[in-house]
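**Student:** This is the structure I want to talk about, given as structure tokens.
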Ligand SMILES: [Zn+2]
């Protein structure tokens with residue numbers, strides 16, 4: 001299993017403008033009250049990554065409780081909105097509509113720091129068997145600039161978008177994609193699922209479905225927030241990356257490997273190419289009770305040391321942004 005280190009230097013605010021993000025959070029809080037009302041959802045009695053039933057309370061945020069699996073360290077919301085509640089939320093959330101429609105979608109900085117590295121990763125890793133159908137599926141397309149880049153890849157015979165976010169279907173279709181809302185029998189050669197595994201009611205069921213729709217040797221690319229990441233480990237409910245009810249499954253590195261191996265995927269690469277852990281902790285250091293080691297690093301050491309430490313986090317798979325390439329055996 002490979003781990004890659006990615007050098008990049010930017011600030012969180014470049015990819016997530018503060019004012020817009022704060023507005024998004026306030027809309028989401030209102031949506032929770034208006035859409036869920038008094039419904040609490042279902043108790044999730046096992047870890048969504050490894051199925052272990054033992055867990056400890058970890059934190060609560062905006063009325064949602066998160067527990068930590070005592071076996072793999074995945075952090076998960078329980079009780080959690082059931083599928084019907086989630087459907088209502090994703091269909092009616094004014095916060096999501098705002099966020100998805102913002103100029104944010106196409107900001108140059110986000111393209112440079114999120115989209116371009118992702119495209120490089122995909123093009124460098126694409127590898128097809130001789131008898132591959134070279135068909136491509138984007139699972140829950142969320143990000144139009146990404147789909148646009150993918151549409152220009154020459155070595156794919158067919159491109160499909162599964163349940164793209166509201167308002168994007170026409171543009172995605174115009175880029176040469178087929179739009180579907182049920183998976184059927186087709187076996188895909190490449191599947192991408194970026195920043196969606198944290199949102200599934202039951203990610204094991206979803207992975208099982210994806211697997212059924214992949215050819216042998218097919219490649220699955222995914223990314224998600226990692227519970228093993230340094231900034232998440234210290235910030236927990238104060239982490240701005242965790243916005244309930246959107247983020248229900250915060251996979252640890254160990255949990256991610258376990259779920260993929262349980263469904264007979266070979267994990268080809270698992271990297272945490274995040275660049276922001278130290279910068280985020282630097283900004284929020286006063287909000288947490290940090291150990292002396294961390295305050296020393298952040299307050300008393302120079303940028304060179306901090307960059308070296310961030311690089312170490314990537315090597316150790318301890319940054320909070322995780323990406324995985326898995327091959328269907
Ligand atoms: Zn677990």
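**Student:** For the residue pair residue 43 and residue 315, what label-to-label distance in nm results when each label sits 7 Å from Cα along the Cα-to-beta-carbon direction?
**Tutor:** 4.6 nm
**Student:** Hey, got the Cα dimensions of the stretch 147-302 along the principal axes, in Å, largest first?
**Tutor:** Principal extents (largest minus smallest coordinate, Cα): 55, 35, 30 Å.
**Student:** Could you put 110, 80 in order, starting from the residue whose Cβ has the fewest other Cβ atoms within 10 Å? Mind showing how you got there, number by number?
**Tutor:** Values: 110 19, 80 23.
With the sparsest Cβ surroundings first, the list reads 110, 80.
**Student:** With no solvent and one point per C-alpha, what does the Debye sum give as log10 I(q)/I(0) for the stretch 114-159 at q = 0.16, 0.27, 0.30 Å⁻¹?
**Tutor:** Taking Cα atoms of the stretch 114-159 as identical point scatterers yields -0.45, -1.19, -1.34.
**Student:** Beta carbons within 10 angstrom, averaged per residue: use that to sort the peptides 158-164, 179-185, highest first.
**Tutor:** Final packing ranking: 158-164, 179-185.
**Student:** Hey, fewest Cβ within 10 Å first, where do 224, 78, 295 land in order? Mind showing how you got there, number by number?
**Tutor:** Numbers: 224 23, 78 19, 295 14.
Ranking 224, 78, 295 by Cβ neighbours within 10 Å, fewest first, gives 295, 78, 224.
**Student:** Ok, one more. Take the Cβ-Cβ distance between residue 170 and residue 51 as r, set R0 to 30 Å, and report the resulting FRET efficiency rounded to the nearest 0.05.
**Tutor:** On the way: r = 40 Å, r/R0 = 1.34.
Efficiency, rounded to the nearest 0.05: 0.15.
**Student:** Further question on the same structure: Fewest first, what order do 215, 124 take by the number of other Cβ atoms within 10 Å? Walk me through the numbers before you get to the answer.
**Tutor:** Details: 215 19, 124 9.
Least crowded to most crowded, the residues run 124, 215.
**Student:** May I pose another question? Counting alpha carbon pairs within less than 8 Å and at least 6 residues apart, what relative contact order, in whole percent, applies to the stretch 1-138?
**Tutor:** Rounded, it is 25 percent for the stretch 1-138.
**Student:** Take the Cβ-Cβ distance between residue 179 and residue 216 as r, set R0 to 25 Å, and report the resulting FRET efficiency rounded to the nearest 0.05. Present the calculation step by step, with values, prior to reporting the outcome.
**Tutor:** Values: r = 26 Å, r/R0 = 1.04.
That gives a FRET efficiency of 0.45.
**Student:** Helix-only mean residue ellipticity at 222 nm, the chain, DSSP H runs n ≥ 4 weighted -39,500 (n - 2.57), per residue, nearest 500. What is it? It would help to have the intermediate numbers written out before the result.
**Tutor:** On the way: 13 runs with 116 residues, N = 329.
Value at 222 nm, helices only: -10000 deg cm²/dmol.
**Student:** Would you mind computing, in nm to one decimal, how far apart the modelled labels at residue 62 and residue 155 are, each placed 7 Å from Cα along Cα→Cβ?
**Tutor:** 4.1 nm
**Student:** Most mobile of 232, 251, 46 per a Gaussian network model of the chain (Cα springs, under 10 Å)?
**Tutor:** Maximum fluctuation in the GNM of the chain, among the listed residues, is at 46.
The numbers here are math on the coordinates, done by the rules we state, and not lab data. What you see is a predicted model; the values in this text were computed from it and never measured. Cβ sites come from the backbone with ideal geometry, for glycine too, and all protein chains shown count toward neighbours.
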